[in-house]
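Below is one structure, written out as C-alpha cells; the observations come after it.
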Amino acid sequence: MRLFQPFPAVLLSTLAAVLSVAAPAAHAQVFSNNTAITIPSSGTATPYPSTINVSGAPVAPAGLRVRLQNFSHTYPEDVAVLLVAPSGQGFELLTSNGGSNAVSGLFIAIGSSSATPLPSLLTSGLFAPAGGNSGFSSPANAVPRAASMAALIAGNPNGQWRLFVQDFTAPDAGTIAGGWELEFESAPVPTTPASPFAFTYQGRLDGGVTNGTIDARF
C-alpha cells in the first residue's frame, strides 16, 4: 500500500486570506437556590425570604428571568411573590394570580422583557410580571417598589437577592418544591464583518502544490 507523502513546504506570496470575527451569541448566567419554599395555608412561607447570592454577573444585564421550580397550590390566587434586588428595591412577580383551580408541578418563568400576561388559570410558561403593592409581612412590608422588573437590573446585580412568598387567605396551601432561579442575560457583541487582508505566509499545503494567489480561511 502506498502511503500519502506530504508535499514540501512552499512559500505563498501575497496570500489573500479572508478573516472574519464571529460575534458571540447572547449568553446567560444562572444562579439557583434549590431549597423548597413551603407555603402555609395563611401567612409567610418558609423560608421568608429565600435568598440567592449573586457574584460575577454583568453590570446592567440585558434581561432578567426568575423561575419558580415545581410550583403547586390548592388555590394559587392566594399567593403573592415579591422579588427584591441587592439595591433594596422590589417588584411583585405574582399578585393573586392564577385563579381558584388547584395546580401542581408548574414551572413558571417571569421575564423582564416578556409581554405575555399571566393567565387567569395558572400554567407553566414564560410570562410578564404581575406588579402590584400587596401588604406583605415584615420585613417585606418596608421594601420600596421599583417602576418595573427591568429596573431591578439597571445597576449592579451582584449581591443578595431575596424572594418573599406569602399566602394571604386561609385555608389553602402549597409549595415551590424545587426552589427558584435567577437568570441574567448579557447583551450580544455586534458582529465584525468579514474583510480582506493580505499578508505573506510561509507554510505547507498537504495534498497539492501552488505558487500563485489563493483564497483561504483560517
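The values are calculated or read from the model by the stated rules, or taken from the named source; none is laboratory data. Keep in mind the model is a prediction, meaning the values are calculated, not measured. All Cβ positions, glycine included, derive from the backbone under ideal geometry; neighbour counts span all protein chains shown. When the accessible area is computed, the model is the full protein with side chains, heavy atoms only, and any ligands, DNA or RNA have been set aside. Shrake-Rupley method; radii C 1.70, N 1.55, O 1.52, S 1.80 Å.
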A170-S138 pseudo-label distance in nm [points 7 Å out on the Cα-to-Cβ vector]: 2.2 nm
Sites N101 and V30 - FRET efficiency at Förster radius 30 Å, r taken between beta-carbons, to 0.05: 0.50
Calculated FRET value between A60 and L126, using beta carbons and R₀ = 22 Å, to 0.05: 0.50
Phi-based couplings in Hz for segment 132-146 (Karplus 6.51, -1.76, 1.60; Gly and Pro marked x): x, 8, 5, x, 5, 6, 4, x, 5, 5, 9, 7, x, 8, 6
Residues T74 and N53, FRET efficiency given R0 of 30 Å [Cβ-Cβ distance, rounded to 0.05]: 0.40
Two-site label geometry, T116 and T38: point separation in nm, points 7 Å out along Cα→Cβ: 3.3 nm
Probe 1.4 Å, all protein chains present, accessible-area order of E77, E181, E92, largest first: E77, E181, E92
